[in-house]
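Participant: Handing you a structure now.
The values are calculated or read from the model by the stated rules, or taken from the named source; none is laboratory data. Because the structure is predicted, anything quoted here is derived from the model rather than measured. Cβ placement follows ideal geometry from the backbone for every residue including glycine, while neighbour counts extend to all protein chains displayed.
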Amino acid sequence: MTRREWLRRSGFVAGGAIVVPAWPEWAFAHLHQPAAPADQIAAMRAQMGAAPIASSELGANLTLLAGPGGNVVVSRGVDGKLVVDTFVQPAWNNLKAALDKMGNEKIATVIDTHWHFDHADNNGAFRMAGAAIVAHDNTKKRMSEAHVIMGSKIPPSPAEALPTLTFSATRRIDANGDQVMLGKIPNAHTDTDIYIKFQKANVLHLGDVFFNGMYPFIDATTGGSINGMIEGTTFSMKQADAATKIVAGHGPLGDLKSLTAYREMLVTARDRVAKLKKSGQSLKEVIAAQPTKDLDATWGKGFFPPNDFVALVYNTL
């Protein structure tokens with residue numbers, strides 16, 4: 001069953017138009033069947049977790065891991081391993097094996113870019129391994145709440161998976177010869193988004209504020225909006241220079257040029273959809289007008305097909 005067939009049978013698509021405001025990216029990226037029962041959520045995690053882990057070097061003792069969830073960055077050295085994001089639960093054994101291959105340093109610190117489970121699902125396992133979990137105040141709040149996603153109840157995260165250290169604006173961590181700066185991004189993908197900047201290495205992780213080369217998901221249920229995504233991207237661009245390696249939540253490694261192109265796409269899509277919506281057109285009519293047609297070849301082959309992205313923009317304006 002395709003994602004759109006599932007949405008149609010579930011009542012989320014009417015006349016070709018999506019009529020609910022937002023869902024997490026994992027719900028679309030790996031969904032092939034209805035997910036209302038709890039065991040379907042487990043099946044989704046298992047499918048995602050089976051993806052192989054690809055590794056590439058970002059600098060001295062700094063590694064990018066990609067595959068079963070949001071992109072992960074690992075710093076290693078005398079202060080132990082510092083890990084940004086944690087994949088999904090079934091990927092834990094493979095993730096731990098990948099970390100062990102990097103050296104015998106202890107796992108000291110985990111940082112959550114935001115609350116979604118394809119980024120924070122292995123917090124509990126890392127806690128058991130002795131790591132501190134660092135995140136924004138709102139991430140702990142969101143993980144402590146129950147959520148309803150496509151009719152499925154997502155329970156609060158267990159206490160052992162919650163962040164142990166939180167902050168409201170900025171935090172600095174000195175680790176492995178680098179200054180790691182953490183800062184709150186204005187509400188964008190969610191109200192929990194942060195950036196992580198490895199100052200010496202000049203590597204910036206933006207979590208799901210940045211989907212490199214694809215239309216993004218915007219989680220309106222926890223504070224996201226298209227205007228917020230634009231503001232968050234604009235803010236994030238100020239944390240980088242032409243030489244900065246920029247890690248997206250999903251997609252390949254980027255840079256300031258690719259982040260700038262991403263922002264331009266967001267602004268273009270927002271402005272076109274906003275003009276049509278302001279004229280009184282319904283969601284169905286706006287989708288039929290194909291306001292992103294000239295953008296789709298570049299941006300429409302990722303998590304969200306063009307019509308779905310247009311619906312997210314429309315519903316979060």
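Participant: Any idea how many residues of the stretch 236-250 are charged (D, E, K, R) and either on the phi > 0 side of the Ramachandran plot or under 20 Å from the mean Cα position of the chain (by Cα) (or both)?
Facilitator: Narrowing the stretch 236-250 to residues charged (D, E, K, R): 238, 241, 245.
Next cut, either on the phi > 0 side of the Ramachandran plot or under 20 Å from the mean Cα position of the chain (by Cα) (or both) only: 238, 245.
So the count comes out to 2.
Participant: Given the residues F87, F117, which is the only one that is within 20 Å of the chain's Cα centre (by Cα), over 19 Å from R171 (Cα atoms) and at pLDDT 95 or above?
Facilitator: Values: F117 fails: at pLDDT 95 or above.
Just a single option satisfies the conditions, and that option is F87.
Participant: To continue, here is another question. Could you pull out the residue among D178, D193 that is crowded, with 22+ Cβ neighbours inside 10 Å, among the acidic types (D, E) and more than 19 Å from the chain's Cα centre (by Cα)? Spell out the reasoning first.
Facilitator: Details: D193 fails: more than 19 Å from the chain's Cα centre (by Cα).
Criteria check complete, one pass: D178.
Participant: Name the residues in the stretch 297-308 that are surrounded by fewer than 17 Cβ atoms within 10 Å (Cβ to Cβ) and under 24 Å from G70 (Cβ atoms), would you?
Facilitator: Within the stretch 297-308, the subset surrounded by fewer than 17 Cβ atoms within 10 Å (Cβ to Cβ) is 297-298, 301, 305.
If the condition is that a residue be surrounded by fewer than 17 Cβ atoms within 10 Å (Cβ to Cβ) and under 24 Å from G70 (Cβ atoms), then T298, K301, P305 are the ones that fit.
Participant: Any residue in the stretch 94-115 that's within 19 Å of Q179 (Cβ to Cβ): show its pairings with residues that are exposed (fewer than 12 other Cβ atoms within 10 Å of the Cβ) and not acidic (D, E) at Cβ separation under 9 Å, as long as the two are six or more apart or on different chains.
Facilitator: That search, which allows pairs on different chains as well, returns E105/V78; A108/G130.
Participant: Quick check on the stretch 196-232: of everything there that is of a type in the set (A, V, I, L, M, F, W, C) and at pLDDT below 95, which residue is farthest from the chain's Cα centre (by Cα)?
Facilitator: Applying the first criterion (of a type in the set (A, V, I, L, M, F, W, C)) to the stretch 196-232 yields 196, 198, 201, 203-204, 206, 209-211, 214, 217-218, 220, 226, 229-230.
Of the ones still in play, those that are also at pLDDT below 95 are 217-218, 220.
Details: F217: 8, I218: 9, A220: 14 Å.
Result: A220.
Participant: Right, another one. Can A108 be described as more than 16 Å from the chain's Cα centre (by Cα), of a type in the set (A, V, I, L, M, F, W, C) and in a loop (DSSP other than H, G, I, E, B)? Break it down stepwise before answering.
Facilitator: Values: more than 16 Å from the chain's Cα centre (by Cα): yes; of a type in the set (A, V, I, L, M, F, W, C): yes; in a loop (DSSP other than H, G, I, E, B): no.
Criteria not met by A108.
Participant: Do you know which residues across the stretch 175-210 are in contact with a Gly (Cβ under 7 Å, 6 or more places away or on another chain), closer than 23 Å to F117 by Cβ and part of a strand (DSSP E or B)?
Facilitator: Once the filter is applied, which keeps residues that are in contact with a Gly (Cβ under 7 Å, 6 or more places away or on another chain), closer than 23 Å to F117 by Cβ and part of a strand (DSSP E or B), the stretch 175-210 yields I194, Y195.
Participant: Among (1) at pLDDT 95 or above; (2) touching a strand residue (DSSP E or B) at 6+ places or on another chain (Cβ under 8 Å); (3) more than 22 Å from L64 (Cα to Cα), where does S157 come up short?
Facilitator: With (1) at pLDDT 95 or above; (2) touching a strand residue (DSSP E or B) at 6+ places or on another chain (Cβ under 8 Å); (3) more than 22 Å from L64 (Cα to Cα) applied to S157, the lone miss is (2).
Participant: Follow-up. Over 22 Å from P252 (Cα atoms) and either hydroxyl-bearing (S, T, Y) or assigned to a strand (DSSP E or B) (or both): does that describe K153?
Facilitator: On the way: over 22 Å from P252 (Cα atoms): yes; either hydroxyl-bearing (S, T, Y) or assigned to a strand (DSSP E or B) (or both): yes.
Yes.
Participant: Still on this model: With respect to K141, determine if the residue is assigned to a helix (DSSP H, G or I), out of contact with any His (no Cβ under 7 Å at 6 or more places or on another chain), farther than 21 Å from A50 by Cα and not polar (S, T, N, Q).
Facilitator: Values: assigned to a helix (DSSP H, G or I): yes; out of contact with any His (no Cβ under 7 Å at 6 or more places or on another chain): yes; farther than 21 Å from A50 by Cα: yes; not polar (S, T, N, Q): yes.
Judged against the criteria, K141 is a match.
Participant: Which of (1) under 22 Å from P158 (Cα atoms); (2) not in a helix (DSSP H, G or I) is the odd one out, the single condition L95 does not satisfy?
Facilitator: Evaluating L95 over (1) under 22 Å from P158 (Cα atoms); (2) not in a helix (DSSP H, G or I) leaves (2) as the failure.
Participant: Which members of the stretch 113-138 meet the condition of being in a helix (DSSP H, G or I) and aromatic (F, W, Y)? Before you say what the answer is, go through the steps one by one.
Facilitator: Taking the stretch 113-138 first, the residues in a helix (DSSP H, G or I) are 117-120, 123-128, 137-138.
Correct list: F117, F126.
Participant: Touching an Asp or Glu at 6+ places or on another chain (Cβ under 8 Å) and over 21 Å from T316 (Cβ atoms) - does that describe any residue in the stretch 252-262? Steps first, please.
Facilitator: Here is the first cut: in the stretch 252-262, the residues touching an Asp or Glu at 6+ places or on another chain (Cβ under 8 Å) are 256.
Next, only the ones that are over 21 Å from T316 (Cβ atoms) stay: 256.
Yes, the stretch 252-262 contains a residue that is touching an Asp or Glu at 6+ places or on another chain (Cβ under 8 Å) and over 21 Å from T316 (Cβ atoms).
Yes/no per residue for (1) closer than 24 Å to N202 by Cα; (2) in contact with a Lys or Arg (Cβ under 7 Å, 6 or more places away or on another chain); (3) of a type in the set (S, T, N, Q):
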| residue | (1), (2), (3) |
| --- | --- |
| A43 | no, no, no |
| L65 | yes, no, no |
| V88 | no, yes, no |
| D100 | no, no, no |
| V110 | yes, no, no |
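Participant: So how many residues does the stretch 156-174 have that are assigned to a loop (DSSP other than H, G, I, E, B) and either surrounded by 13 or more Cβ atoms within 10 Å (Cβ to Cβ) or in contact with a Phe, Trp or Tyr (Cβ under 8 Å, 6 or more places away or on another chain) (or both)?
Facilitator: The number of residues fulfilling the criteria is 5.
Participant: Hey, can you tell me all the residues within the stretch 259-280 that are farther than 14 Å from S236 by Cβ, crowded, with 16+ Cβ neighbours inside 10 Å and basic (K, R)?
Facilitator: R270, R272, K277
Participant: Which of (1) over 22 Å from V84 (Cβ atoms); (2) surrounded by 20 or more Cβ atoms within 10 Å (Cβ to Cβ) does G254 not meet, given it meets every other one?
Facilitator: (1)
Participant: Among the helices (runs of 4 or more DSSP H) lying completely within the stretch 211-291, list those that include at least 2 residues that are of a type outside the set (A, V, I, L, M, F, W, C) and under 27 Å from G69 (Cβ atoms). Step through it out loud before you land on a result.
Facilitator: On the way: elements: 226-237, 256-278, 283-288.
Where helices (runs of 4 or more DSSP H) fall fully within the stretch 211-291 and carry at least 2 residues being of a type outside the set (A, V, I, L, M, F, W, C) and under 27 Å from G69 (Cβ atoms), they are 226-237, 256-278.
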